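J.: I have a structure here, written as C-alpha cells, and I will follow up with some questions on it.
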Amino acid sequence: MVKRTLFSPEHEDFRATVRGFVESELVPHHAQWEIDGVVPKPIWAKAGELGLLCCDLPEEYGGSGADWLYNAVVIEELARAGMSGPGFMIHSEMVAPYILSWGNEELKRKWLPRMVKGEAIGAIAMTEPSAGSDLKNIRTRAKRDGDAYVIDGQKVYISNGQSCTFTVTACKTDPDAGAKGVSLILVEADRPGFQRGRNLDKIGMKAQDTSELFYSGIRVPVGNRLGEENKGFSMLMTKLARERLVQAVRSIVVAERAIEWTVDYTAERKAFDGTIADFQNTQFVLAALDAETTAVRVFVDWCMERFMRDELTPVDAAKVKMLSTELQCKVVDQCLQFFGGYGYMTEYPIARAYIDARITRIAGGAVEVMKQIISRDLFSRVKTNR
C-alpha cells in the first residue's frame, strides 16, 4: 500500500466517523436495499446529522465549510464497504455544485441547507432515450411563457430518480441551436406534470435507485434556471472534471479492496496439500495487479491534489477516469477467478464488486469518449508544433 499524504489527522478523524456510520447504518441493511432497489430516506437524514452530505458547502448555506477532501473520505468509505447505495455521490458531487455555482441566492438558500441535512435529495437529469453522451441532441423542451418555463420531455437512467425531491434538468430552450441551446432548470418533484417512471432493473448497483422521469407541461418559475439561458452545456462541461475524478476515487478503492480480499482468501483456502496462495500463478497475478493498482493510486492522488488547487485539467480527468475504471474492472475480474465457485455467489464481496464495476466504464463519460478527449489533446500538440 502507498503511504498517502493527502489527508490530515482531522480528515482521518472524520474517516472514523464515516466508517462507523457505514458499518452500523448501511452494511447490515444493504442486501435488503439491493432487493428493494432503493435506500430508505431516513438514512439520508442520519447521514446529514453526522455531516456526511455536501461537506464542502459554505457555512452560509448550511455546510461545514470543509475542504473537498472530506467529500473524498465519504466516497472512499462507501467504496471500501462495497456500498452501491445510497446515492450520496450524485447528491453531493454533482447536484450541489451546480446550485452553488449557478443558482440564484433564493435557490441556494432554499435548497442547499436542506441538502446538507438530508431533508432534500437531489438528482441530475441529463440522459434521454435518444441522447446519451450527446447532450446537444436532447429533446426535452423548456418553452418560455411569461415568467415561467413550460417543460415537456423524458429522461432515463436518472440516479436518485425514485428518491429525489428535485432534479437539475437539462432542457432545450433554443431547439435550433444544438449545444448552444441547452439550459439547466431546477424542477421540483411535487410540481404537477412531473412523473416518476420505472425504477430500472440493472445488472449491478442495485441499491442505487435509477429511474425514468417524465415531464408533461410542468410550469417552473424562470428563477429556477441555473445561470444564463442557453449556457447549460458549458456549465455541464465545467463540472465534468470533478465528476470524473470522483469516479476514479471510487474505482481505485474498489481495486485495492479486491486485492486485499483475494490475498486473505487465497492465503487460507486449501488446495492440493497447500493453499491457493502457494501457487506461483496466484502470486504473479496478484503481484502484477498490485503494482498496477499502486501506480494508478499515485495518479489518482496526484489528480486529487490538482483538483484541490483548481488545477485539474479536463484531459487529466479523462486519463484518470479511463485508467482507474478499466483497472477496477480488470482487478475484480481476475481476483474473482481465485475464489472459484464462491466468487460467483453474491454473498461474497468480490461477486458484488464484479457486478457493480461494469457501469464505471460508462458513467461520467464512456471510456471511448475519454480516449477521444485524450487523443484530441495529443494531436492538437502536433498541429501546434508544426
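J.: Could you check, for region 224-235, whether at least one of its residues is over 30 Å from Ala96 (Cα atoms), of a type outside the set (A, V, I, L, M, F, W, C) and at pLDDT below 95? Give the steps one after another, and end with the answer.
T.: Restricting attention to region 224-235, the residues satisfying the condition of being over 30 Å from Ala96 (Cα atoms) are none.
Scanning region 224-235 turns up no residue that is over 30 Å from Ala96 (Cα atoms), of a type outside the set (A, V, I, L, M, F, W, C) and at pLDDT below 95.
J.: For region 308-360, which positions are under 16 Å from Met205 (Cα atoms) and charged (D, E, K, R)?
T.: Scanning region 308-360 gives Glu347, Arg352, Asp356, Arg358.
J.: For Thr266, work out the one condition from (1) in a helix (DSSP H, G or I); (2) in contact with a Phe, Trp or Tyr (Cβ under 7 Å, 6 or more places away or on another chain); (3) within 30 Å of Lys180 (Cα to Cα) it doesn't fulfil.
T.: It is condition (3) that Thr266 fails.
J.: I would also like to ask the following. Go over the candidates Lys143, Lys136 one by one and state the one that is part of a helix (DSSP H, G or I) and more than 23 Å from Leu52 (Cβ to Cβ). Break it down stepwise before answering.
T.: Values: Lys143 fails: part of a helix (DSSP H, G or I).
From the options Lys143, Lys136, the qualifying one is Lys136.
J.: Could you tell me whether Gly217 is in a helix (DSSP H, G or I), over 27 Å from Phe307 (Cβ atoms), more than 23 Å from the chain's Cα centre (by Cα) and at pLDDT 95 or above? Don't jump to the end; show me each part of the working.
T.: Values: in a helix (DSSP H, G or I): no; over 27 Å from Phe307 (Cβ atoms): yes; more than 23 Å from the chain's Cα centre (by Cα): yes; at pLDDT 95 or above: yes.
Spelling it out, it is not the case that Gly217 is in a helix (DSSP H, G or I), over 27 Å from Phe307 (Cβ atoms), more than 23 Å from the chain's Cα centre (by Cα) and at pLDDT 95 or above.
J.: Same structure, new question: Could you tell me how many of the residues in region 3-29 are within 20 Å of the chain's Cα centre (by Cα) and modelled with pLDDT under 95?
T.: First pass over region 3-29, keeping only residues within 20 Å of the chain's Cα centre (by Cα): 15, 18-19, 21-22, 26-27.
From what is left, the residues that are modelled with pLDDT under 95 are none.
So the count comes out to 0.
J.: Does Ile90 meet the test of being more than 30 Å from Tyr348 (Cβ to Cβ) and either at pLDDT below 95 or part of a helix (DSSP H, G or I) (or both)? Explain how you work it out, then say what you get.
T.: Details: more than 30 Å from Tyr348 (Cβ to Cβ): no; either at pLDDT below 95 or part of a helix (DSSP H, G or I) (or both): yes.
Taking the combined requirement at face value, the residue does not satisfy it.
J.: Can you tell me which residue is surrounded by the fewest Cβ atoms within 10 Å (Cβ to Cβ) among those in region 45-67 that are assigned to a loop (DSSP other than H, G, I, E, B) and acidic (Asp, Glu)? If you could, list the steps in order and put the result at the bottom.
T.: Here is the first cut: in region 45-67, the ones assigned to a loop (DSSP other than H, G, I, E, B) are 50-58, 62-67.
Filter once more, so that each one left must be acidic (Asp, Glu): 56, 67.
On the way: Asp56: 19, Asp67: 14.
Only one residue tops the list, namely Asp67.
J.: Something else now. Within region 116-162, restricting attention to residues that are among the polar types (S, T, N, Q) and out of contact with any strand residue (DSSP E or B) (no Cβ under 8 Å at 6 or more places or on another chain), which residue is nearest to Met205 (Cα to Cα)?
T.: Applying the filter and picking the extreme gives Ser133.
J.: A further question on this structure: So the check is Cβ under 8 Å with 6+ separation or different chains; which pairs have a first residue in region 180-196 that's at positive phi and outside any strand (DSSP E or B) and a second one that's modelled with pLDDT of 95 or more and surrounded by fewer than 22 Cβ atoms within 10 Å (Cβ to Cβ)?
T.: From region 180-196, the pairs are Gly193/Ser216; Gly193/Gly217; Gly193/Arg219.
J.: Among Val296, Val246, which is part of a helix (DSSP H, G or I), of a type outside the set (Ser, Thr, Tyr), within 23 Å of Ala366 (Cα to Cα) and in contact with a Gly (Cβ under 9 Å, 6 or more places away or on another chain)? Give the steps one after another, and end with the answer.
T.: On the way: Val296 fails: in contact with a Gly (Cβ under 9 Å, 6 or more places away or on another chain).
Matching residue, one of Val296, Val246: Val246.
J.: Something else about it: Kindly indicate which of Gly232, Gly223, Gly227 is under 17 Å from Ile151 (Cα atoms) and touching a helix residue (DSSP H, G or I) at 6+ places or on another chain (Cβ under 7 Å).
T.: Details: Gly232 fails: touching a helix residue (DSSP H, G or I) at 6+ places or on another chain (Cβ under 7 Å); Gly227 fails: under 17 Å from Ile151 (Cα atoms).
Going through Gly232, Gly223, Gly227 in turn, the sole match is Gly223.
J.: Further, regarding this structure: Given the conditions (1) modelled with pLDDT of 95 or more; (2) more than 16 Å from the chain's Cα centre (by Cα), and given that Phe379 satisfies all but one, which numbered condition is not satisfied?
T.: Exception for Phe379: condition (1).
J.: If you scan region 93-115, which residues turn out to be of a type in the set (Lys, Arg) and touching a strand residue (DSSP E or B) at 6+ places or on another chain (Cβ under 8 Å)? Please lay out each step first, then the result.
T.: We begin by selecting, within region 93-115, every residue of a type in the set (Lys, Arg); these are 108-110, 114.
Residues satisfying the conditions do not exist here.
J.: Go through (1) of a type in the set (Gly, Ala, Ser); (2) assigned to a helix (DSSP H, G or I); (3) at pLDDT 95 or above one by one and return the number of the condition Ser211 breaks.
T.: Unmet condition: (2).
J.: Counting only residues that are among the small types (Gly, Ala, Ser) and surrounded by fewer than 16 Cβ atoms within 10 Å (Cβ to Cβ), how many does region 167-223 have? Give the steps one after another, and end with the answer.
T.: Kept after step one, since they are among the small types (Gly, Ala, Ser), are these residues of region 167-223: 170, 177-179, 181, 183, 189, 193, 197, 204, 207, 211, 216-217, 223.
Cutting the leftovers down to surrounded by fewer than 16 Cβ atoms within 10 Å (Cβ to Cβ) gives us 177-178, 193, 197, 216-217, 223.
Selection size over region 167-223: 7.
The values are calculated or read from the model by the stated rules, or taken from the named source; none is laboratory data. If you're wondering where the values come from, they're calculated on a predicted model, not measured in any experiment. Positions of Cβ are backbone-derived with ideal geometry, glycine not excepted, and every protein chain shown enters the neighbour counts.
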